[in-house]
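The values are calculated or read from the model by the stated rules, or taken from the named source; none is laboratory data. Keep in mind that this is a model prediction, so the values were computed, not measured. For neighbour counting, all protein chains shown are included, and Cβ atoms are generated from backbone atoms with ideal geometry for every residue, glycine included. Just the protein is used for accessible areas: all its heavy atoms, side chains included, with ligands, DNA and RNA removed. Shrake-Rupley method; radii C 1.70, N 1.55, O 1.52, S 1.80 Å.
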Amino acid sequence: MDTTTAVASKPAVAPPPAATQPDAAPKIIARDVNVHYGDKHALKNVTLDIPEKAVMAFIGPSGCGKSTFLRCINRMNDTVASAKVSGLIQIDDQDIYDPSLDVVQLRARVGMVFQKPNPFPKSIYENVAYGPRIHGLARNKAELDQIVEDSLKKASLWNEVKDRLADTGTGLSGGQQQRLCIARAIAVSPEIILMDEPCSALDPIATARVEELIEEIRRNYTIVIVTHSMQQAARVSQRVAFFHLGVLVETGRTEKIFQSPNDKRTQDYITGRFG
Amino acid sequence: MTLIYILGMLLVAAGAYVAGRQKSASFAVAGGGLARLHSLPSYHGFYVALAAVAPMLVWLIFWLLTAHRVVDAQAIAALPANLAPTDGLTYGARLREINQAAAGVRLEELQPGVAAAGEALNSWRVVADWALAIVGAALALLGFAWASRQLSPEFRARNGVERWVKVMLIACACVAILTTVGIVFSVLFETLRFFSKVPWYEFLFGTQWSPQTAIRADQVGSSGAFGAVPLFAGTTLIMLIAMLVAGPVGLFSAIYMAEYASPRVRSIAKPVLEVLAGVPTVVFGFFAALTVAPFIRSTGEYFGLNVASESALAAGLVMGVMIIPFVSSLSDDVINAVPQSLRDGSYGMGATRSETIKRVVLPAALPGIVSAFMLAISRAVGETMIVVMAAGLAGNLTFNPLEAVTTVTVQIKTLLVGDQEFDSAKTLSAFALGFVLFFFTLALNFIALRIVQRYREQYD
């Protein structure tokens, strides 16, 4: 949290550009979402709309529930035995916790990029081809090659790796690994990409590359990003949601939240009083 | 005497420790507190004690290795010229007689010179004991004096003790390594002796195994045949059957426990499975011979098959059950060691659990799984008891699992049990078999190690 406080002392470093579609129709709708981990009430009555084809940033101190909420959107909390989710989350008016919904197909629509780059111990090619293979998106080798190439180009990694697609993905640098993970997520053509602190393990230069990438792909994807860096939230997002102690405190346009927040807690957090 | 010497060493160590500690403590009192010392008093004590005891220990080992030879040589030299031994055999015989004389045992009428030699033996033994004690004490004193002169507030006893610790650890590692080397050589020399009687190509490529050597030249079947191929074939067959059982069952139960089982099930199932590893192999042998083999025989007969009452299948199946825990327990550990982030990555792509296991977890855990399999194979190849009881002794060259076969280990056991002359081709062939077995498991371990090293860096 030390880095955040340092950054937060000058919140409006670079006012974000106006969103291209600031008030587009919501892609994801959450109503009264509660999450319990055993006895711990991790997320309390979160009600939030996430707009389509824009970047929404979740900010807040550690343990505030922002990652928990992110993991509700593709039901990754299902893999945690003690987690219990209640409330309503809809993607395109479809309840994703509906028992008839196939979680495997949901996750193909909602890609995820993790905090620590986690390429599979396979070749670069196989990493990207993983999703298309398991979902049967390519009919033949040529189509698969095309998907891999397109995904790597979208993740602006193609030029760096095109001559060594057979090399192992774990041999890349940290920033390249994270862009590989983004390419891997893009390869299954998701509608939504969730990013859980994607730059926290990267150096500033690699972080800048990933942020540029987010800026490029946000026209085609709905992106939700959890970040500890207020500068990053200001740079990449059009909307911000501030979480504190499991409660969604405030949400709105990025420049509004950073320049004139309504809530005292938001004000304190972005100016570095706590967190 | 050796016992007294060792007790003496302990006393010297204790005394030197106390002396060193006190000397160091006196520096502290004179110099104003413990903080002035480079090393704590106990380190000074350890340093002095080690310096006193180490030369004593070296001397003891040297004495144990050489003293009895010197004493024996002196006793033999005391014999009159007409009794002096001419070769190794009479040397040993004379030495036994002298020892009897020295101990006062009169089993037979002693020749006059032998009694005198016995007395010489006794007196030389006393000399040797005194030599041990006096030289040991002198060395201890020298070591103590050398170390305790060095002590001063600035003396780095702590670093000195660290060096001693390192030497001790290296010595322990050397014991393990030298034992292995020793085993290799002892087996190797007997093997070479065997190959001087039976050509190696006949042993390695011959298909007839009948290890009988004649006592008289006119005996029937006196030639003996030492073609080990039937044994290798039997070993391979039983190993394959065992791995066919243990491989899938062990690996799949490991996958269940690591990926599917709830923590509660896992905490019960894993120890229960590991109990299998604790069952003595003899008990598995009973089970194979008395339960499984008859069952297979009657089942086979029901289908009109001719099954031997001792079959490779019975031995292989039970051996497979025996090595399940080796496969499952180690595989479970390596599967658990695969980072959760890789699984999350795969689930996040919309992969199901079994897709994740098949495409991400198992490839990442492959080196560990391979080494688990290798360990299980070397266990199966080296196993004796089950095969002795359930697979039989007949050296059939067959790959039919319903027939009786024999393995390398069973034959080694059979060749060396009972009264044997030690230089016949029959007994020596056991060493050749042992050498082949050792070489095989060594090669397996080596391959497993290489595989693990090659793929180790794949994740993290």
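Pull up all non-local amide H partners of B:Gly224: gap of 5 or more, or a different chain, and H-to-H distance under 5 Å with H placed in the peptide plane.
Distant-sequence amide H within range of B:Gly224: B:Gln212.
From the phi of every residue in region A:63-79, what ³J(HN,Hα) in whole Hz does the Karplus formula 6.51 cos²θ - 1.76 cosθ + 1.60 yield, where θ is phi - 60° and glycine or proline is x?
Result, rounded to whole Hz: x, 8, x, 5, 5, 4, 5, 4, 6, 6, 6, 10, 6, 5, 5, 4, 6.
When the helix-only estimate is applied to chain A (DSSP H runs of n ≥ 4, each -39,500 (n - 2.57), divided by the residue count), what is the mean residue ellipticity at 222 nm, nearest 500 deg cm²/dmol?
The helix-only estimate for chain A comes to -10000 deg cm²/dmol at 222 nm.
Return one whole number: the accessible area per residue of region B:282-363 in Å², for a 1.4 Å probe.
Heavy-atom accessible area per residue stands at 40 Å².
Restricting attention to the alpha-carbon atoms of region B:156-197, what are Rg (one decimal) and Dmax (integer), both in Å?
Final numbers for Rg and Dmax: 18.2, 62 Å.
Quickly estimate the mean residue ellipticity at 222 nm for chain B, helices only: each DSSP H run with n ≥ 4 gives -39500 (n - 2.57), and the total goes over all residues, rounded to 500.
-25000 deg cm²/dmol
Pairs A:Lys122/A:Lys153; A:Lys44/A:Lys116; A:Lys27/A:Lys66: which exceed 21 Å Cα-Cα?
Those over the limit are A:Lys44/A:Lys116.
Compare the peptides B:172-185, B:142-155, A:137-150 by average per-residue count of other Cβ atoms within 10 angstrom and give them in order, highest first.
Packing proxy ranking, top to bottom: B:142-155, A:137-150, B:172-185.
Given a 1.4 Å probe, how much area per residue of region B:2-154 is accessible, in Å²?
With all protein chains present, region B:2-154 gives 58 Å² per residue.
Just the number, please: percent antiparallel of the DSSP beta bridges in the protein assembly as shown, rounded to the nearest 5.
Taking every DSSP beta bridge within the protein assembly as shown, about 60 percent pair in antiparallel fashion.
In whole Å, how far is the Cα centre of region A:239-275 from that of region B:31-110?
Cα centres, region A:239-275 to region B:31-110: 85 Å.
Mind jotting down the three principal axis lengths of region A:128-194 based on Cα atoms? Whole angstrom, largest first.
Reported extents, whole Å, longest axis first: 31, 28, 17.
Relative to the Cα centre, what is the charge dipole magnitude of the protein assembly as shown, using +1 at the beta carbon of each Lys and Arg, -1 at the beta carbon of each Asp and Glu, and rounding to the nearest 20 debye?
So the dipole magnitude of the protein assembly as shown works out to roughly 1660 debye.
For chain A, what are Rg and Dmax over the alpha carbons, in angstrom?
When restricted to the Cα atoms of chain A, Rg and Dmax are 18.4, 57 Å.
Taking all protein chains as present, what is the carbon and sulfur share of the accessible area of region A:157-275, in % to the nearest whole number, probe 1.4 Å?
48
So which residues in region A:65-105 end up with at least 40 square angstrom less accessible surface once the other protein chains are there, compared with the chain by itself, probe 1.4 angstrom?
When all protein chains are present, A:Val104 each give up 40 Å² or more of accessible surface.
Any idea what the dipole of chain B comes to, in debye rounded to 20, about its Cα centre with Lys/Arg Cβ at +1 and Asp/Glu Cβ at -1?
1620
Provide a whole-number value for the mean count of partner chain Cβ atoms within 10 Å of the Cβ atoms in peptide B:350-356.
Whole-number average of other-chain Cβ neighbours for B:350-356 is 5.
If you take the alpha carbon radius of gyration of the protein assembly as shown and divide it by 2.2 N^0.38 Å, what ratio comes out, to two decimals?
Cα Rg divided by the expected 2.2 N^0.38 Å: 1.43.
Can you give the mean number of other chain Cβ atoms that lie within 10 Å of the Cβ atoms in peptide A:112-120?
Going residue by residue through A:112-120 and averaging, the value is 5.
For chain B, evaluate the Debye formula with one uniform point scatterer on each Cα (no solvent term) and list log10 I(q)/I(0) at q = 0.14 Å⁻¹, rounded to two decimals.
-1.18
Scale the Cα Rg of region A:162-215 by the rule-of-thumb value 2.2 N^0.38 Å and send over the ratio, two decimals.
1.16
From the phi angles alone, apply the Karplus equation (6.51, -1.76, 1.60; θ = phi - 60°) to region A:97-110 and give each ³J(HN,Hα) in whole Hz, x where the residue is Gly or Pro.
Along region A:97-110, the couplings run 9, 4, x, 7, 7, 8, 5, 4, 6, 4, 6, 6, 7, 10 Hz.
Given the options B:Phe303, B:Thr409, B:Leu240, identify the residue whose Cα lies farthest towards the positive end of the charge dipole of region B:225-458 (+1 on Cβ of Lys, Arg; -1 on Cβ of Asp, Glu).
Working it through, the farthest residue towards the positive pole turns out to be B:Leu240.
Got a sec? Charge dipole of chain A, +1 on Cβ for Lys and Arg, -1 for Asp and Glu; which of A:Ala30, A:Ser123, A:Ile225 is way out at the positive end?
Of the candidates, A:Ile225 comes out farthest on the positive side.
Using θ = phi - 60° and the Karplus relation 6.51 cos²θ - 1.76 cosθ + 1.60, list the HN-Hα couplings for region B:286-299 in order, rounded to whole Hz, with x at every Gly or Pro.
Karplus values, whole Hz, x for Gly and Pro: 3, 4, 5, 6, 9, 10, 6, 4, x, 4, 5, 4, 5, 4.
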